[in-house]
Amino acid sequence: MRIKTVLSESEIPKQWYNLAADLPSPLQPPLGPDGNPISPEMLAPVFPMNLIEQEVSQERWIDIPEGILNILYKWRPTPLHRAKALEDYLGTPARIYYKNEGVSPPGSHKPNTAVAQAWYNKEFGIKKLTTETGAGQWGSALAFACSIVGLGCKVYMVRISFDQKPYRKTMMQTWGANCVASPSEETKAGRDILEKMPDTPGSLGIAISEAIEEAVSDTKGETRYSLGSVLNHVLLHQTIIGLEAKKQLEKAGENKVDIVIGCAGGGSNFAGTAFPFVNDKIHGEEIEIIPVEPTSCPTMTRAPFAYDHGDTAKMTPLLPMHSLGHDFIPPPIHAGGLRYHGMAPLVSQGIVEGLLTPRALHQLECYEAAITFARTEGIICAPETSHAIAVTIQEAKKAKEEGKEKVILFNMSGHGLMDLTGYQSYLAGKLQDYPLPEEEMQKSLKGIEGLPKPKEAKTGKW
Amino acid sequence: MNQYDNERIYCRRLGHWLTFNYCRQENSGLPCRKIEDCWFEKLPIKKFLKENYKEEEISYIFKVQKPKLTSIVELIEQAKKRSNKTP
Ligand SMILES: Cc1ncc(COP(=O)(O)O)c(C=O)c1O
């Protein structure tokens, strides 16, 4: 039995896949603050033109430059594992496969885009990249990429994270990045906040302002800004995961996948794994494609509570859908991509179309799954990744009940060796779930009765 | 106001564990815009907000979020203004 299916370097995909070319209902163009479509020039102070072109591209396939491939070879193609030990433990007839993105030097999928972004910036003549980070998953990936490509890197790390996550900060510094706590004295945005609130623990909002200000105010025009998720070009760079997986599944003797699963924060590792399979689904294959998130703070499975509040309600149809069960999909709130704030618009549109079926899980089930995975497959996964594993286990158990030999693929987006706090609490019995009481749910449902249903920009095929 | 300060949660935006104390001050001293989404299962968060913040503050916290690219364009404009003012 083959446990690992590997590709040689010569077999690595040479193009990225762009779902925007195949989406049956096209994305609305992003609008600027004045309500007019955003032009490439408006983004030029923070992104190089070659990446802006990718952001708006409708080309189906985009060549991966040789220079980028040469760096990706340091850890790519990543192995496709058959989770045989997990299958045996569950006693499932399903065949479970996972891509191991934890083998990259920073330990997650994030360098797939960090390397590409650093490389395109260098090509464009840029000398330094800035970014913001919380715990440092993205900051460390960009620090690694800049170090390999030969760019300066400045990371504004939210003060509370800077104080609580010293090891990721050290990783960034080891790769030569300048990692400062935000708010900092280095930007006007940071100084203004510090003057008013010297002890502030910071926020992502402030850190982004600082990173963008540093790029915009470089009078030589040699600094740009970089983002680790949500945007189209980021998702595009991640599709190498799914494209490799397709080749590997074929090598492993599988000619059909039934279920594809990925955890979704901003949507990048999920999209990277799933989009090549979404293409198959658009062209008639029957595949269930599941982005997964926690019930706490969801962006896909429930409309945000913000829609309960005054101002917002006047601007968008009010849809306070509170925790309606894991397979409930709320109708779209806003045609222009506002529906799932913080989620990649391409993923949002895939949900609206019915091509993707998001699911939300409680944290206890996710940690249980992570522990099972560690004790069978041996890998201690990142907290985000545990959501994908938990749904994989749900689906494998379902296949057992149905007696079906399903093929399941999920993305192991990263290892969790730098994020053991959750495991510590779980093992100490300190984690709890708080299912929303039934009456609360009914109250929420009552609240939306009779409200107008917004128009859906979708074909209705799925 | 500080009765829940030591309650812990995994923050999806920052990617690590923190306490409620941070969530209620994240937005320049006001609560994070995700505070209800994250805490609705664990605390009477609606009541907490109603008791401790004015209506204008609540409207400000939960003002409509713009798509990512739109907010980046706005931040570019703000940064340009700030750099022009700096001597
Ligand atoms: C290991 C890992 N998986 C998943 C995510 C979620 O991000 P995305 O949805 O963009 O893949 C993160 C974010 O930090 C991460 O570190």
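The values are calculated or read from the model by the stated rules, or taken from the named source; none is laboratory data. These figures come from a predicted structure and were not determined experimentally. Note that each Cβ is placed from the backbone with ideal geometry, even for glycine, and that neighbours are counted across all protein chains shown.
Annotations for the structure displayed:
Listed here are the residues, each with its yes/no results for (1) in contact with a Pro (Cβ under 9 Å, 6 or more places away or on another chain); (2) surrounded by fewer than 18 Cβ atoms within 10 Å (Cβ to Cβ); (3) at pLDDT below 95; (4) not assigned by TED's automatic domain parsing to the domain that holds A:Ile289.
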site: A:Glu353; (1), (2), (3), (4): yes, no, yes, no
site: A:Leu361; (1), (2), (3), (4): yes, no, yes, no
site: A:Tyr367; (1), (2), (3), (4): yes, no, no, no
site: A:Arg375; (1), (2), (3), (4): no, yes, no, no
site: A:Val391; (1), (2), (3), (4): no, no, no, no
site: A:Val407; (1), (2), (3), (4): no, no, no, no
site: A:Leu445; (1), (2), (3), (4): no, yes, yes, yes
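- Qualifying residue in segment B:18-30 (condition: touching a helix residue (DSSP H, G or I) at 6+ places or on another chain (Cβ under 8 Å) and within 16 Å of the ligand (Cβ to nearest atom)): yes
- Counted residues, segment B:51-76 - those being out of contact with any Leu (no Cβ under 8 Å at 6 or more places or on another chain), assigned to a helix (DSSP H, G or I) and more than 23 Å from A:Ser229 (Cβ to Cβ): 5
- Checked against the criteria, A:Gly102 counts as within 16 Å of the ligand (Cβ to nearest atom) and either surrounded by fewer than 24 Cβ atoms within 10 Å (Cβ to Cβ) or closer than 30 Å to A:Gln248 by Cβ (or both).
- Selected residue [within 16 Å of the ligand (Cβ to nearest atom) and not basic (Lys, Arg)] from A:Gly136, A:Gly176, A:Gly91: A:Gly136
- Selection status of A:Gln58, surrounded by fewer than 18 Cβ atoms within 10 Å (Cβ to Cβ) and in contact with a helix residue (DSSP H, G or I) (Cβ under 6 Å, 6 or more places away or on another chain): yes
- Selection of segment A:212-271 for residues being more than 8 Å from the ligand (Cβ to nearest atom), within 30 Å of B:Ala79 (Cα to Cα) and not in a helix (DSSP H, G or I) yields A:Ser217, A:Asp218, A:Thr219, A:Lys220, A:Gly221, A:Glu222, A:Thr223, A:Arg224, A:Tyr225, A:Ser226, A:Leu227, A:Leu231.
- Any hit, segment A:303-325, residues being of a type in the set (Val, Ile, Thr) and either within 16 Å of the ligand (Cβ to nearest atom) or modelled with pLDDT of 90 or more (or both): no
Okay, residues lined up against (1) buried (at least 17 other Cβ atoms within 10 Å of the Cβ); (2) of a type in the set (A, V, I, L, M, F, W, C):
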{"site": "B:Arg13", "(1), (2)": "yes, no"}
{"site": "B:Asn27", "(1), (2)": "yes, no"}
{"site": "B:Pro31", "(1), (2)": "yes, no"}
{"site": "B:Trp39", "(1), (2)": "yes, yes"}
{"site": "B:Pro44", "(1), (2)": "no, no"}
{"site": "B:Glu51", "(1), (2)": "no, no"}
{"site": "B:Glu57", "(1), (2)": "no, no"}
{"site": "B:Glu74", "(1), (2)": "no, no"}
{"site": "B:Asn84", "(1), (2)": "no, no"}
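- Qualifying residue in segment A:131-139 (condition: surrounded by fewer than 22 Cβ atoms within 10 Å (Cβ to Cβ), touching a residue at least 24 places away in the same chain (Cβ under 8 Å), at the interface with another protein chain (Cβ under 10 Å from one of its Cβ atoms) and closer than 24 Å to A:Met42 by Cβ): no
- Which listed residue is facing chain A (nearest Cβ under 7 Å), under 14 Å from the mean Cα position of the chain (by Cα) and either over 20 Å from A:Met300 (Cβ atoms) or charged (D, E, K, R) (or both), from B:Glu41, B:Glu36: B:Glu36
- Residues within segment A:405-421 that are assigned to a loop (DSSP other than H, G, I, E, B), under 14 Å from A:Val292 (Cα atoms) and away from the ligand (no atom under 12 Å from the Cβ), tallied: 0
- A:Arg60 being in contact with a strand residue (DSSP E or B) (Cβ under 8 Å, 6 or more places away or on another chain), more than 14 Å from chain B (Cβ to nearest Cβ) and farther than 30 Å from A:Lys404 by Cα: yes
- Options A:Met157, A:Met172: the member that is buried (at least 19 other Cβ atoms within 10 Å of the Cβ), hydrophobic (A, V, I, L, M, F, W, C), touching a Cys at 6+ places or on another chain (Cβ under 8 Å) and without any contact (Cβ under 8 Å) to a residue 40 or more places away in the chain: A:Met172
- Within segment A:179-198, the set of residues being hydrophobic (A, V, I, L, M, F, W, C) and assigned to a helix (DSSP H, G or I) comprises A:Ala189, A:Ile193, A:Leu194.
- Every condition in (1) assigned to a loop (DSSP other than H, G, I, E, B); (2) away from chain B (no Cβ under 11 Å) is met by A:Pro201 except one, and the failing one is (2).
- Candidates A:Leu23, A:Leu69, A:Leu27, A:Leu43 - the one that is at pLDDT 95 or above, within 15 Å of A:Asn232 (Cα to Cα) and not aromatic (Phe, Trp, Tyr): A:Leu43
- Taken over segment A:176-190, residues that are surrounded by 16 or more Cβ atoms within 10 Å (Cβ to Cβ), without any contact (Cβ under 8 Å) to a residue 40 or more places away in the chain and either away from every other protein chain (no Cβ under 12 Å) or among the charged types (D, E, K, R) (or both) amount to 6.
- Qualifying residue in segment B:23-32 (condition: within 8 Å of chain A (Cβ to nearest Cβ) and acidic (Asp, Glu)): yes
- So A:Val278, is it modelled with pLDDT of 90 or more and within 14 Å of chain B (Cβ to nearest Cβ): no
- Test result for B:Lys63, modelled with pLDDT under 90, surrounded by 14 or more Cβ atoms within 10 Å (Cβ to Cβ), within 17 Å of the chain's Cα centre (by Cα) and of a type in the set (Lys, Arg): yes
- Pairs linking a residue in segment A:83-111 that is at positive phi to a residue that is surrounded by fewer than 19 Cβ atoms within 10 Å (Cβ to Cβ) and assigned to a helix (DSSP H, G or I), with Cβ atoms under 8 Å and 6 or more positions apart or on different chains, are A:Gly91/A:Lys400.
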